[in-house]
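Undergrad: One structure, pasted below without further comment.
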Amino acid sequence: MIKKLPVVLLMAWPYFSQAQGFKEAQISLSGSFAKPLEIEAINKGQEIDFFCVNKSFFPYQLEIIFSGVQNLNGPRSQKSTVMPGRQRLLSLQIQDPNTPHTYEYSFGYAMGSPKANPDLSYPYLVPASQGAEARINESYNNQLLLNPKDYIVAMRRGVVTSTPDVKGESDRLFNGAFEVLHEDGTVAVYKTVASNTTQLVKSGDKIYPGQPIGQSQGGGILTYNVYILLGQGRAKSFDHNVVVSSDGLTRLAAFKGCKVEHPATVIEKELSKKEIKKFRDGSLFKQN
């Protein structure tokens with residue numbers, strides 16, 4: 001007899017203080033999978049292999065606990081970080097194939113990776129095309145005013161977790177937004193990207209700093225922010241560093257505007273050697 005009992009773990013994440021003057025925002029995720037993880041048990045005769053299928057584009061922390069185990073050798077519990085897709089967890093070995101074996105298991109999970117360590121000092125590109133004239137809306141320091149024809153670009157390297165045209169179940173911070181998960185666990189949210197211009201990339205794609213993601217749906221107005229996942233279905237924006245020149249940074253709270261520069265030193269900061277080579281010969285991503 002096998003019982004599969006999923007349990008959602010409401011895990012706490014670090015709380016970060018904000019720079020004075022920044023209009024921070026703490027939000028609840030607008031969408032999530034009811035059951036982002038599924039456990040598969042496959043009997044191979046001499047052992048039972050357990051796999052986890054992660055339907056999200058976010059990593060999850062998983063803990064699986066076994067009870068009522070008879071005629072099986074193997075761990076009675078295990079903690080894992082499961083990435084998107086299917087991955088093997090563990091095996092239980094059958095001691096005597098001529099004797100019945102039994103087990104039960106339950107599992108708990110929480111979005112995010114324990115290895116994620118948000119870098120609050122990381123330099124973010126202005127999310128507009130190289131050479132564009134960008135300025136901040138004086139009433140909202142997370143609204144960028146651009147030429148309507150300017151392309152919006154990714155501020156950092158990451159994985160696209162949601163696009164404006166995504167329907168149905170998905171893990172996302174905002175409905176109708178373009179969202180990118182960075183390696184340090186922060187999430188960039190671009191809220192006014194026109195859905196008819198986002199065919200450049202799709203959910204699950206790797207994306208690079210300076211890579212075009214679409215155009216504004218609001219006549220050149222881009223609303224954007226960077227968030228830290230707090231756990232319990234919540235996230236919080238923070239006052240990130242903005243690259244204003246090849247050797248200049250300012251906090252978003254103090255950013256007024258600039259002629260956009262995408263310094264190679266910033267773009268290459270989190271690229272692999274292979275990606276740097278492609279960037280330098282112009283083949284890393286398609287420009288518009």
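Every read-out reported here was derived from the displayed coordinates using simple, explicitly stated rules and does not represent laboratory data. Just so it is clear, the model here is predicted, and its values are computed rather than measured. Neighbour counts are summed over all protein chains in view; Cβ atoms, including those assigned to glycine, are modelled from backbone coordinates with ideal geometry.
Undergrad: For n ≥ 4 DSSP H runs only, could you compute -39500 (n - 2.57) per run for the chain, divide by its residues and tell me the 222 nm figure to the nearest 500?
TA: Helices in the chain give a 222 nm mean residue ellipticity of -1000 deg cm²/dmol.
Undergrad: I need to check one value: relative contact order of segment 147-253, counting alpha carbon pairs closer than 8 Å and at least 6 residues apart, in percent. Each step should come with its number before you reach the end.
TA: Working: 229 pairs, mean separation 30.5, N = 107.
This gives 28 percent for segment 147-253.
Undergrad: Can you tell me the FRET efficiency between K269 and R88 if r is taken as the Cβ-Cβ distance and R0 is 35 Å, rounded to the nearest 0.05? It would help to have the intermediate numbers written out before the result.
TA: Details: r = 33 Å, r/R0 = 0.95.
Computed FRET efficiency for K269 and R88: 0.60.
Undergrad: What ranking do 159-166, 269-276 get when scored by the average of other Cβ atoms within 10 Å per residue, highest first?
TA: Working: 159-166: 20.6, 269-276: 13.2.
Taking the mean over residues of other Cβ atoms within 10 Å, the ranking is 159-166, 269-276.
Undergrad: Which percent, to the nearest 5, of DSSP beta bridges fully inside the chain are antiparallel?
TA: Details: 72 of 79 bridges.
If we restrict to bridges inside the chain, about 90 percent are antiparallel.
Undergrad: Let me ask something additional. Counting pairs on different chains as well as pairs 8 or more places apart, how many Lys pairs in segment 123-268 have Cα atoms under 27 Å apart?
TA: 19
Undergrad: Additional query: Around E261, under 13 Å between beta carbons, what's the net of Lys plus Arg minus Asp minus Glu among the other residues? Show your work: numbers first, answer last.
TA: Details: positive: K259; negative: E133, D247.
Net charge around E261: -1.
Undergrad: Sticking with this structure for a sec: Lys and Arg at +1, Asp and Glu at -1: add these up for the other residues within a Cβ distance under 15 Å of S203 and post the number. Don't jump to the answer; show the numbers that get you there.
TA: Working: positive: K55, K167, R172, K202, K206; negative: D165, E169, D171, E179, D205.
Residues close to S203 contribute a combined charge of 0.
Undergrad: Can you give the FRET efficiency for Q70 and I276, using 1/(1 + (r/R0)^6), R0 = 45 Å, r = Cβ-Cβ distance, to the nearest 0.05?
TA: On the way: r = 55 Å, r/R0 = 1.21.
Efficiency, from the Cβ-Cβ distance: 0.25.
Undergrad: Counting only C-alpha contacts under 8 Å and six or more residues apart, can you give the relative contact order of segment 34-115 as a whole percent? Before the final figure, lay out the partial values.
TA: Numbers: 176 pairs, mean separation 29.8, N = 82.
Relative contact order of segment 34-115: 36 percent.
Undergrad: Could you work out the local net charge near N117, counting Lys and Arg as +1, Asp and Glu as -1, over the other residues with Cβ closer than 12 Å to its Cβ? The partial results should precede the final answer.
TA: Details: positive: K115; negative: D119, E183, D184.
Charge balance in the 12 Å sphere: -2.
Undergrad: For mean projected area of the Cα convex hull in nm², the listed values are [x] 25.2; [y] 16.7; [z] 23.6; which was obtained by calculation from the structure presented?
TA: Answer by label: [y].
Undergrad: With a cut-off of 8 Å between alpha carbons and a minimum separation of six or more residues, what is the relative contact order of the chain in percent?
TA: Values: 686 pairs, mean separation 60.6, N = 288.
Rounded, it is 21 percent for the chain.
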